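The values are calculated or read from the model by the stated rules, or taken from the named source; none is laboratory data. Small disclaimer: the values here were computed from a predicted structure and weren't measured. Glycine gets a Cβ as well: all are built from the backbone with ideal geometry, and neighbour counts include every protein chain shown. We work out accessible area using only protein heavy atoms, side chains counted, and drop any ligands, DNA or RNA first. Shrake-Rupley method; radii C 1.70, N 1.55, O 1.52, S 1.80 Å.
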2 protein chains.
Amino acid sequence: MGGAGVEAGEVRENLMEFTGNLRRYPMNDSSWSASEKKLARHAFDKALEAALAKTMAEFKSKASAVTVPSQMWELEAYLREQRRDIDRTFDYRYSQLLYVFTHLIRAGCLDEKLLAGLSQDKRDVIRRDLAFAAGRPASG
Amino acid sequence: MGGAGVEAGEVRENLMEFTGNLRRYPMNDSSWSASEKKLARHAFDKALEAALAKTMAEFKSKASAVTVPSQMWELEAYLREQRRDIDRTFDYRYSQLLYVFTHLIRAGCLDEKLLAGLSQDKRDVIRRDLAFAAGRPASG
């Protein structure tokens with residue numbers, strides 16, 4: 001009970017630190033310049049394309065490996081989960097976009113270089129969150 | 001309005017005749033002999049196997065034809081519908097079994113010959129319901 005309590009406490013502290021980081025950088029529509037919006041839309045679309053291509057490849061491989069009905073229902077569940085995950089992840093609200101980009105970079109769906117044209121403060125948020133997620137201090 | 005009323009009336013009468021037929025032949029566990037139960041289980045399992053094989057073949061064909069993500073989500077919806085349809089259809093309660101068999105014969109999943117060992121009254125129910133569903137009087 002004591003051990004579990006300590007662990008839960010640590011998890012809670014980490015979460016508070018993480019959401020605190022996010023809250024310190026509220027991004028609304030007006031904090032994005034026209035060129036940043038264009039760049040963000042392009043990066044977002046490329047990442048969605050990559051996520052769908054990845055799912056398609058996995059789906060094709062799984063589908064061709066199906067030999068018994070139970071595997072067909074497993075594939076149905078897999079597709080449902082992928083669809084919901086993609087729906088949840090690709091949230092194009094400016095208030096969420098930096099968090100979304102961090103998530104997509106970590107998932108291997110987005111090349112950070114596509115975001116090079118964002119303002120320094122936005123890139124700092126992303127770099128800090130990537131470092132936090134990786135469990136190491138932000139460099140640079 | 002008048003025309004639609006007449007049609008609705010006809011549909012209602014047909015439905016009442018149909019459910020009346022079913023109600024005249026309540027089949028519970030005790031109205032099935034041991035050999036009939038064995039035969040029914042065999043027929044049921046063969047039909048389930050046929051239904052799953054049919055769905056598998058359709059699934060394989062659709063899966064290999066998927067080229068864009070939207071078709072992948074359509075296939076997910078197709079699988080969900082097929083799974084629910086199979087779950088609903090394959091109801092092994094003795095009170096439902098003759099209706100289930102009629103449905104499976106009509107769907108092309110069950111060879112009526114597999115039911116040849118059922119009692120005359122049960123085969124009559126099935127034949128009558130098949131004739132009714134086909135919109136013609138029962139023969140023989």
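See the values below:
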| read-out | value |
| --- | --- |
| Test result for A:Ala51, within 12 Å of chain B (Cβ to nearest Cβ), part of a helix (DSSP H, G or I), in contact (Cβ under 8 Å) with a residue 40 or more places away in the chain and touching a Phe, Trp or Tyr at 6+ places or on another chain (Cβ under 9 Å) | yes |
| Selection from segment A:49-70 of residues that are farther than 18 Å from B:Val66 by Cα and surrounded by 13 or more Cβ atoms within 10 Å (Cβ to Cβ) | A:Pro69 |
| Every residue from segment A:76-96 that is more than 7 Å from chain B (Cβ to nearest Cβ) and farther than 30 Å from A:Ser30 by Cα | A:Ala77, A:Tyr78, A:Glu81, A:Gln82 |
| Every pair of residues 6+ apart whose Cβ atoms lie under 7 Å, when the first sits in segment A:115-128 and is under 18 Å from A:Ser35 (Cα atoms) and touching a residue at least 60 places away in the same chain (Cβ under 8 Å) while the second is open to solvent by 50 Å² or more (accessible area, probe 1.4 Å) and among the charged types (D, E, K, R) | A:Leu115/A:Arg123 |
| Enumeration of residues in segment A:109-130 that are in a helix (DSSP H, G or I) and over 27 Å from A:Ala53 (Cα atoms) | A:Gln120, A:Asp121, A:Lys122, A:Asp124, A:Val125, A:Arg128 |
| A:Phe101 being under 30 Å from B:Glu74 (Cα atoms) and either open to solvent by 10 Å² or more (accessible area, probe 1.4 Å) or under 15 Å from the mean Cα position of the chain (by Cα) (or both) | yes |
